[in-house]
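A.B. asks: The following block contains the structure, expressed as structure tokens.
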Amino acid sequence: MLLMHYLTLAAILFCIGFFGVVTRRNAVAILMSVELMFNAVNINLVAFNRFTAPDALVGQVFSIFVIVVAAAEVTVGLAIVILIYRNWRSIDADRVNLLKW
Amino acid sequence: MVNLTPLLPELFLFCWALVVLASDLFSKRRSASLPGYLSLAGLVITGFLLIPAHDAYLWGGMFVSDPFAVFFKIIFLGAAFMAIGSSFGLAGRMTHHRGEYFTLILFSTVGMMFLASAKELITLYVGLELTTIPLYVLAAYTKSSRASTEAGLKYMIIGAVSSAVLLYGLSIIYGLTGTTFLQQITINLSIYWLSYGELGPAFSIALMAILAGLAFKLALVPFHMWAPDVYEGSPTPVTAFLSVGSKAAGLAAIVRIFVGAFIAFATPVMAPRDWGSTLAVLAAITMIVGNIVAIRQTNIKRMLAYSSIAQAGYIMVGVVAASNLGVSAISFYVFSYMFANMGAFAIVAIIAERTGSEQIADLAGFSKSSPVLAGLMAIFILSLAGIPPLAGFLAKYYVFAAAVQAGYTWLVVLALLTSVIAYYYYANVIRMMYLSADPNPHHIVPSFPAGLVLALAGIGVILFGLMPEPILKLAIAAASSFVF
Amino acid sequence: MDQYLVIVPLLPFLAFVINGLWRNRMSKNTVIALAVGSVGLSFVTSVLLFIRLLGLAPEQRLIQQTLFTWIPVGTLKLDMAFMLDPLSAVMILVVTGVGFLIHVYSIGYMAHDEGIKRFFVYMNLFMFSMLTLVMADNLGLLFVGWEGVGLCSYLLIGFWFHKDSAANAGKKAFIVNRIGDVGFLLGTFLIFWTAGTLRFPDLAARAPEVFALGGGAVTAATLLLFVGATGKSAQIPLYVWLPDAMEGPTPVSALIHAATMVTAGVYLLARLNFLFILAPTTLVVVAIVGCVTALFAATIGLAQNDIKRVLAYSTISQLGYMMMACGVAAFGAGIFHLMTHAFFKALLFLGAGSVIHAMSDEQDMRKMGGLKKQLPTTYNTFLMATLAIVGIPIFSGFFSKDDILWQAFSSGHGNPLFWLIGVLTAGLTAFYMFRLFYLTFHGQPRYDQQTADHLHESPRVMTVPLVILAVLSIVGGWIGWPKVLLGGAWFERFLAPVMSHAGGGAAAETVGHSPSLEYGLMAVTIALVLVSIYAAYSIYNKSIGRATSLRQSLSGVYKVIYNKYWVDEFYGATIVRPLVKGSIFLWKIFDVVIIDGFANGLAYLTGDASTMGRKMQTGHLREYLTAFLIGTVLVIGFLIVR
């Protein structure tokens, strides 16, 4: 397994995540897709750490921070999705468009 | 034991935010006064704690307290002060979670302060998220309002995506250089470049991913789509804070990374892949789109949203210059922009509080019914438009001068032309207030904290237009934090 | 005395602040007293300063006062500093003097307007800005005044905002001027980056070393500044706002859109004469734009029926003269005409205001006529101003216009073609001015009975300024009595220290031109003017009543008169009628279709783009995300591909 393989995996995962964000209508699914993007970054970081500078654990520490912060982000995100459901009776992102133009 | 003195302002403000949170538990009265005034006091004290700051760093340079950081921290504190000052009316009507509202603004401010001081990617990222996550909550703070929750959703999802894109870029930079310290990154990149003669497409991808991620915070076109909706839907003081504090934070990050670490790649000298011209194109599109779309807006918050998109474009003109003059110019720009924009939003908040309307057309006859407020609004708008001798004019002048000096004359010509378009919608507000026959039924007297905010903003806009010397000195000192 | 310089702009500013903040608590009379009194005191101060300036040796006539350092940092050092040299001295005297008279006049004119307090607040702000403009010692501060007068102009044009047209006209003026400002600012940048300073005295000293004669930098900088000047001084192609600006109250038209603000562009050129003299290409452009504007606006003036619009086009035309003077490097002549024009054009506007006031706000000349009897003071003063503007000898306009024409012919930068166009314009000016004059004051009354009942001469407070301005319109030009007519050309000598000697008109004048040539040219001009006046007289002074009574009593003479009329009719049919038709044609084609069309088209285009941009904001989260994605891909692609 070369570094390239990991990076390719991460890139594919990132693109799948971005694709999901753009195509999903369900707000929760969008959040899940965002998680995919974050995880792609984590793979990148850990792989880089392993292959370029294995002694210092900077990349791994970075990925732990990313995981923590992403958790916080998703927590807030889900709370907002719940609010959306209360107000709109739906979590379909396409229906939430009061604000426009 | 590490000496934490450079971190003192942030630590203090963080603890103070917890105090504010607790204070709401003990304040029985159904008013926002106690936590509100406590927050204001905390911000002032933090400001005083900043004064003795001198060049200092922590943890091997992860966290620095240089003049640039201090300058931007002043801006964040000022923006937070004015946002909280104009929130009393809003908070007064809240039945729940009043303390949390102020606490969240303070938390976000702490995040911004961290961000401005970060010279290391992890710190920078955590600072950025600490800035943004409370803002997601604040945008959706009016829980029962469809508009507010929608604003929260849009802001949160696009924000999360942008931070993922940013992180992807950061991870590649880490992979290329094996370090997360900005200084070391510059050195390693130079070595890399000297050994191989170029940096390859991976570097370009990283550079632009970072740019895209941060462009979201500044609402540069085409990463701006969230801004008008979120600005319109959020509670007005939050909008004000978003448009100034959050924008300044994004700018601080961009300057730290691009001017601080990647300065060598600003021009095509070292590599054909320079970020300068890309950013110049973004700035150009941002100015054009922001100004043109603003013309047909009827909601004043939306109009100001597009105006602040355009303002970000002007700021980028200074970043593109990537010079000593450029950085001091944008520092001064953001400083003056803070007063004008916070002031304008504060007035919008006061009016909306009283009349329930955010339409530009409902400003008709405002100069008759509330002459002082109308006069202040006119001053803020004129400063945003860049009319001398107000601070906004000087700021624009500096930024454009920096860009001309850096050889971006075409960008300055474009900036000046688009600012002609901007006069169109700015003049429209003044026309509504001063040159409209309809009588306005509301005589509006702002509450004490709101009046304080307005006085502060008004004095700032006029005083720093006439006597910018002290601030310019600080701004120049801020620019000295970078090596050009 | 030096430290009193600031008083001149400060007095109106104080009145502005006091009236602006507390006008609702003060009585109308207090507000007026403050507003007018401050300008009066400012005028007195100006006179004192002027006397002080005269006491100095000609080469040392420069008083400076630095208030504080405005922008201190780095190489760009700007002060809040005022200066008074002969050029600014002339300007402050004109601005405060004419301004004071117009303020006094406004007391009467605006007496019944409920917005009179607001009116004076804006007027004082204007006076402050204008005085800052002409007394600034650097380009930065000048720009402060420059924008200030623009803002006041905007507010005052739209003063009667219950009229939609007024508010729109204000906006138009504001936007068009901003286009000029783009040029102004860019020019300022360029000057700063090449010369390293924006202070006028430093610039004047440094310009010959920094800039090569005819070099690219100085040509570009001066051309850009000239773009700014065309906006403010209503030259082609940015003149469109001025005719519309007549929607404002008449004193505003007199003060801002005739006497002071619109001349700021000419002032700018004169102030920076040491730069323009180094850029011959720019000078040619200035001269061409000036003389084309002069001729073009005059032709349009022929066929307008609104009394104020005629005067507006006349102002544009006269400003063209001033620009032409600057273009042939006769800056002194330009300023001289600026001054005399301030006197007689202010008087014309105020006279027109008096007529409009008397006619219950009627502005159409076709509905006037025969007002000579009812408005004797207005009539007499208006006649003086008309004689001055058409350039009848002894009247002020004659001297200044003659100076310009002679310089256009003889100066080193001049050209007989400029002179020819100038003389043609003078002829047209004489025609349309006397057309206006006869239509308004002579002939049969064409107004209805109701208007006739209200017809009255204006009160003293309005007529006294008219009389003073009339006197100035006559004697104001005497200070520039040319040498060739045995005068001292004092004005030119007074301004000489300010003017660059890198090749001005005075030097060229001595070379190879005899006084007899000057007499000859003068005679041609006067002859053409007289013929034009006669043409206007014969066409527009047809008094039916007088003609019939003459026919009855003197049937023999009647034939002669009749024949004379027949000749005139022929003359009119062959020359004047086509001219008038051409004028209407020109106005319709250029003003209405092309320029307005272009401006409106641009506005619509921007508006459409705005609507389109608005529609792109669909409110759908996923589309925003798509935009984000596309943006990211584009920026990455942009960087990798290039």
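Computed from the coordinates by the stated procedures, all read-outs in this text should not be read as laboratory data. A quick note: this is a predicted structure, and the numbers were derived from the prediction, not measured. Cβ: placed from backbone, ideal geometry, glycine included. Neighbour counts: every protein chain shown.
A.B. asks: Just check region C:1-69 against the gyration tensor rule for me: Cα atoms, a ≥ b ≥ c as the square roots of the eigenvalues, rounded for a/c under 1.5, and otherwise prolate or oblate depending on whether a/b exceeds b/c. Show your work: numbers first, answer last.
C.D. replies: Details: a/c = 5.95, a/b = 2.25, b/c = 2.65.
Verdict is oblate for region C:1-69.
A.B. asks: Taking 7 Å along the Cα-to-C-beta vector as the label spot, tell me the C:Gln449-B:Ile45 distance in nanometres, rounded to one decimal.
C.D. replies: 8.5
A.B. asks: With angles folded into 0 to 90 degrees, how steeply does helix C:376-390 sit against the dominant principal axis of chain C? Use alpha carbons for both and round to 10.
C.D. replies: With rounding to tens, the tilt is 60 degrees.
A.B. asks: Give, in whole angstrom and from largest to smallest, the semi-axes √(5λ) of the equivalent ellipsoid of chain C, with λ running over the eigenvalues of the Cα gyration tensor. Don't skip to the answer; put the middle values down first.
C.D. replies: Values: eigenvalues 320, 193, 155 Å².
Here the semi-axes work out to 40, 31, 28 Å.
A.B. asks: Kindly put C:Ser532, C:Ser42 in sequence by how many other C-beta atoms sit within 10 Å of each C-beta, fewest to most.
C.D. replies: Values: C:Ser532 22, C:Ser42 28.
Ordered from fewest to most neighbouring Cβ atoms within 10 Å, C:Ser532, C:Ser42 come out as C:Ser532, C:Ser42.
A.B. asks: Take every Cα pair under 8 Å in chain A that's 6+ residues apart, average their separations, divide by the length, and report that relative contact order as a whole percent.
C.D. replies: Computed over chain A, the figure is 27 percent.
A.B. asks: Moving on. In percent, how large is the relative contact order of region B:5-479, given Cα pairs closer than 8 Å and 6 or more residues apart?
C.D. replies: On the way: 824 pairs, mean separation 75.1, N = 475.
Normalised by residue count, the contact order of region B:5-479 is 16 percent.
A.B. asks: Same structure again: Measuring from a point 7 Å past the Cα of A:Ala79 along Cα-to-C-beta, which residues in region B:124-142 have an amide N at less than 16 Å?
C.D. replies: In region B:124-142, the label zone of A:Ala79 (backbone N under 16 Å from the point 7 Å along Cα→Cβ) covers B:129-142.
A.B. asks: Along the charge dipole of the protein assembly as shown, Cβ charges K/R +1 and D/E -1, which of B:Leu38, B:Ala378, B:Ala147 sits furthest on the positive end?
C.D. replies: B:Ala147
A.B. asks: Still on this structure: Taking Cα centroids, how far is region C:268-318 from region C:603-619 in Å?
C.D. replies: Here the two parts' Cα centres lie 37 Å apart.
A.B. asks: Of the listed peptides C:61-71, B:111-121, what is their order by residue-averaged count of other C-beta atoms within 10 Å, with the highest listed first? Provide the component values of the computation, followed by the final result.
C.D. replies: On the way: C:61-71: 17.2, B:111-121: 27.4.
Output ranking for C:61-71, B:111-121: B:111-121, C:61-71.
A.B. asks: Also, I was wondering about something else. Could you give the distance between the Cα centres of region B:103-144 and region A:13-78, to the whole Å?
C.D. replies: 19
A.B. asks: Here is a follow-up. What is the mean number of Cβ atoms from other protein chains located within 10 Å of the Cβ atom of each residue in peptide B:219-232, rounded to a whole number?
C.D. replies: Taking the mean over all residues of the peptide, I get 5.
A.B. asks: Across the residues of A:76-86, average count of Cβ atoms on other protein chains within 10 Å?
C.D. replies: Taking the mean over all residues of the peptide, I get 6.
A.B. asks: Something else: For C:Arg206 and C:Trp478 in the same chain, what is the full-extension length gain: residue separation times 0.36 nm, less their Cα-Cα distance, in nm?
C.D. replies: Separation in residues times 0.36 nm, less the Cα-Cα distance, equals 94.4 nm.
A.B. asks: Exposure proxy check: B:His442, C:His620, C:His413, C:His257 ranked by fewest other beta carbons within 10 Å?
C.D. replies: B:His442, C:His620, C:His413, C:His257
A.B. asks: Based on DSSP, what percent of beta bridges with both residues in the protein assembly as shown are antiparallel, to the nearest 5?
C.D. replies: That works out to approximately 100 percent antiparallel.
A.B. asks: Kindly count the pairs of lysines across region B:5-479 whose alpha carbons are less than 29 Å apart, treating pairs on different chains or eight or more residues apart as eligible.
C.D. replies: Taking the Cα cut-off of 29 Å, the pair count is 29.
A.B. asks: What is the helix-to-structure angle for C:577-586, meaning the angle in degrees between its Cα long axis and the longest Cα principal axis of chain C, kept from 0 to 90 and rounded to the nearest 10?
C.D. replies: 20
A.B. asks: On average, how many beta carbons from a partner chain sit within 10 Å of the beta carbon of a residue in C:168-174? Can you show the working numbers first?
C.D. replies: Working: counts 1, 0, 4, 7, 0, 0, 7.
Mean shielding by partner chains, rounded to a whole number: 3.
A.B. asks: Toward the positive end of the charge dipole of region B:5-479, about the Cα centre and with charges on Cβ (Lys, Arg +1; Asp, Glu -1), which of B:Pro470, B:Ala252, B:Val289 goes farthest?
C.D. replies: Projecting each Cα onto the dipole axis, the largest value belongs to B:Val289.
A.B. asks: Regarding region B:5-479, what is the average projected area of its C-alpha convex hull, in nm²?
C.D. replies: About 20.3 nm², averaged over all directions.
A.B. asks: Also, I was wondering about something else. On a 0 to 90 degree scale, rounded to 10, what angle separates helix B:275-295 from the longest Cα axis of chain B?
C.D. replies: Helix B:275-295 and the main axis of chain B meet at about 20 degrees.
A.B. asks: What size of dipole, in debye to the nearest 20, comes out for the protein assembly as shown about its Cα centre when the only charges are +1 on Lys and Arg C-beta atoms and -1 on Asp and Glu C-beta atoms?
C.D. replies: Dipole of the protein assembly as shown, to the nearest 20 debye: 2140 debye.
A.B. asks: In whole Å, what is the distance between the alpha-carbon centres of region B:198-230 and region C:203-220?
C.D. replies: Going from one Cα centre to the other spans 43 Å.
A.B. asks: Principal axes first, then extents: for the Cα atoms of region B:153-222, list largest minus smallest coordinate on each axis, whole Å, largest first.
C.D. replies: Each principal axis gives a Cα extent; for region B:153-222 these are 46, 21, 16 Å.
A.B. asks: Could I ask something else about it? What list do you get for C:Phe344, C:Phe395 if you sort them by fewest beta carbons within 10 Å? Kindly include the intermediate steps, with their values, before the conclusion.
C.D. replies: Working: C:Phe344 32, C:Phe395 24.
Result, fewest neighbours first: C:Phe395, C:Phe344.
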